[in-house]
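Asks: Questions regarding the structure given below will be posed in turn.
The values are calculated or read from the model by the stated rules, or taken from the named source; none is laboratory data. No experiment lies behind these values; they were computed from the predicted model shown. Methodologically, a virtual Cβ is constructed for each residue, glycine included, from the backbone with ideal geometry; neighbour enumeration extends over all protein chains shown. To get the accessible areas, we keep the full protein, side chains included, count just its heavy atoms, and leave off ligands, DNA and RNA. Shrake-Rupley method; radii C 1.70, N 1.55, O 1.52, S 1.80 Å.
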Amino acid sequence: MRLLRALALAGLAGCAASGGTITAAVRYEAILTRDRYGVPHIAGRSVGDAAYALGQAQAEDRPAEIVHNLSAGTGRLAELFGPAFIERERRARELGHRGRAEADWPKLPLAVQQMVEAFVAGVNDWFAEHPRALPSTPRAFDAVDVLAWHRHLLMLPEVAIARLDAEAGDAPRVNAGRSNAWAVAGSRSATGKPVLL
């Protein structure tokens, strides 16, 4: 493993969602290394440290994709990527991903809030350090953007199924009875326990 960098960075976690602002600086300490294939390996003292480094690694590896994803749930794609994304933006706003994410944010356990805020701080800090990574520097993201994206992602299959049902009328769906779930036997997993997704 070669050491890419040691992250001992002070992230100003001013990315708190829905009006709540964190005024104190939060210090995240993690070590981000990459193996010979470029795969990131993260070590931190806390989940927040690791989440911060994960945000940095994801922004570094896939800057356009992370901007797309964190903008999709809140319906801000067209302003970044042009009119081809207006329909997706309209759907995201109709489904109210941002508003529902804002309502759900205070219900999350504090540890989850801190992890999401650390991740977003890592993303934002990476873009601040690399302003030329994309043609234009994205706006700073907040924790609600992460929740809105996950809500958007989780609803994609349901929206697609509803659309197919509406188009097919009473005809049976072609994909009826199929699934994208998978399982790994405990004898084949690193922990010795079965894994189900």
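Asks: Of a type outside the set (D, E, K, R), at pLDDT 70 or above and open to solvent by less than 60 Å² (accessible area, probe 1.4 Å), is that true of residue 156?
Replies: On the way: of a type outside the set (D, E, K, R): yes; at pLDDT 70 or above: yes; open to solvent by less than 60 Å² (accessible area, probe 1.4 Å): no.
It is false that residue 156 is of a type outside the set (D, E, K, R), at pLDDT 70 or above and open to solvent by less than 60 Å² (accessible area, probe 1.4 Å).
Asks: Hey, any hits in region 76-94 for a residue that's touching a Gly at 6+ places or on another chain (Cβ under 7 Å) and either crowded, with 17+ Cβ neighbours inside 10 Å or acidic (Asp, Glu) (or both)? Outline the logic, then answer.
Replies: From region 76-94, those touching a Gly at 6+ places or on another chain (Cβ under 7 Å) are 89, 92-93; that's our starting set.
Restricting the remaining residues to those that are either crowded, with 17+ Cβ neighbours inside 10 Å or acidic (Asp, Glu) (or both) gives 89, 92.
Yes; the residues of region 76-94 include at least one that is touching a Gly at 6+ places or on another chain (Cβ under 7 Å) and either crowded, with 17+ Cβ neighbours inside 10 Å or acidic (Asp, Glu) (or both).
Asks: Give me the residue from region 103-120 that is more than 23 Å from residue 58 (Cβ to Cβ) and not aliphatic (A, V, I, L, M) and, out of that set, surrounded by the fewest Cβ atoms within 10 Å (Cβ to Cβ).
Replies: 107
Asks: Within region 121-135, can one find any residue that is open to solvent by 70 Å² or more (accessible area, probe 1.4 Å), within 23 Å of residue 45 (Cα to Cα) and either without any contact (Cβ under 8 Å) to a residue 40 or more places away in the chain or outside any loop (DSSP other than H, G, I, E, B) (or both)?
Replies: no
Asks: Checking residue 60 against (1) farther than 17 Å from residue 145 by Cβ; (2) without any contact (Cβ under 8 Å) to a residue 24 or more places away in the chain: exactly one of these is not met. Which one?
Replies: (2)
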